[in-house]
Amino acid sequence: MHTIKSSREINKIKDACQVVAEILQVLIEETTEGITTNDLDRRAYELTVKKGATSAFKGYHGYPKSLCASVNEEVVHGIPDNRVLKEGDIVGLDFGVVLDGWYGDSAVTLAIGKVNSEAKKLMKVTEECLYKGIEAAYPGNRLGDLGFAVQEHAEKHGYGVVRDFVGHGVGRALHEEPQVPNYGKKGTGLKLESGMVIAIEPMVTVGSYKVKILKNNWTAVTVDGSLAAHFEHTVAVTERGPLILSDRARL
Ligand code: MF3
Ligand code: CO
């Protein structure tokens, strides 16, 4: 069963999420042509230690790094390595920490230098999908309403919504119930309640939504090789509406 968090607990999750937000902001500023995904992972790790937090990902089911860096047709769970980011690439940076026992999780997709108009539009629409999902995260609404809002926006632009990975509850663990699909039917699924904390994370593709896992057992790529983008926020459902705990807007 999903848990309902008190406002004190939501504040603890927010503290973790703000560490994530601050570190992602640094990574966003430092991600340029010529940097390797390993450089970004090292930077993320160094900043995590500096903030007195620990990585939410490193060691999670054996995941080897602090950051996920997914390039172009990689959808999620790209493992940082010596790959050099080059102009025209898009890279999804997914990052999470544990602070005082509470988790935070957030992701963005960035352009390296000048990217083509398809890549630009995909990133824009995927981020809009995230905000459509967030806007639907209010008490009394259902998970199917949230998924529908995300899916409708992606498909309106001719894009695919990945089915094999979903958002999730966040709290004392990185992945709690409920699962939060980026697709769905209005009026179906679990009713959202004040005090739920969920990570909403649409993964959107230019082509087919089908993905496969690479031989490293982690990295999900589009089966047709089309570009993919991923944005994620940890969000609290409250009487006053959705609260974006991992917001970078007021840093
Ligand atoms: N944000 C991703 C998720 O919620 C990060 C998981 S990466 C892992 O699934 F390495 F920790 F699995
Ligand atoms: Co997540």
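Annotations
- Hz values of 3J(HN,Hα) by residue in region 209-219 - Karplus curve (6.51, -1.76, 1.60), Gly and Pro given as x: 7, 6, 10, 9, 9, 6, 5, 6, 6, 10, 5
- Solvent-accessible surface of protein heavy atoms, probed at 1.4 angstrom with all chains present, puts D145, D105, D164, D81 in the order D164, D81, D145, D105, largest first.
- Shape call, region 112-238: gyration tensor on alpha carbons, a/c limit 1.5: prolate
- Accessible area per residue (1.4 Å probe, heavy atoms of protein chains only) ranks R240, R142, R42 as R240, R42, R142, with the largest value leading.
- Neighbourhood net charge (9 Å Cβ-Cβ; Lys/Arg +1, Asp/Glu -1) for A228: -2
- Toward the positive end of the charge dipole of region 7-244, with +1 on the Cβ of Lys and Arg and -1 on the Cβ of Asp and Glu, the farthest Cα among P178, F95, S106 is that of P178.
- The Rg/Rh ratio of the chain, with Rg taken over Cα atoms and Rh as the Kirkwood radius over Cα pairs, comes to 0.94.
- Computed 3J(HN,Hα) for region 242-251, one whole-Hz value per residue from the Karplus formula 6.51 cos²θ - 1.76 cosθ + 1.60 where θ = phi - 60°, is x, 10, 7, 5, 9, 4, 9, 5, 10, 5, glycine and proline marked x.
- Working note: Karplus 6.51/-1.76/1.60 with θ = phi - 60° gives region 184-191 the couplings x, 10, 3, x, 10, x, 4, 7 Hz, where Gly and Pro are set to x.
- Residues whose amide H comes within less than 5 Å of that of F57, counting only those at least five positions distant or on another chain, are G96 (H built at 1.01 Å from N in the peptide plane).
- Accessible area of F165 in the full protein assembly, 1.4 Å probe (Å², nearest 10): 50
The values are calculated or read from the model by the stated rules, or taken from the named source; none is laboratory data. What you see is a predicted model, and the numbers here were worked out from it, not measured in a lab. Here the Cβ is made from the backbone with ideal geometry for all residues, glycine too, and neighbour counts use every protein chain on show. Areas reflect the complete protein model, heavy atoms only, side chains present, ligands, DNA and RNA absent. Shrake-Rupley method; radii C 1.70, N 1.55, O 1.52, S 1.80 Å.
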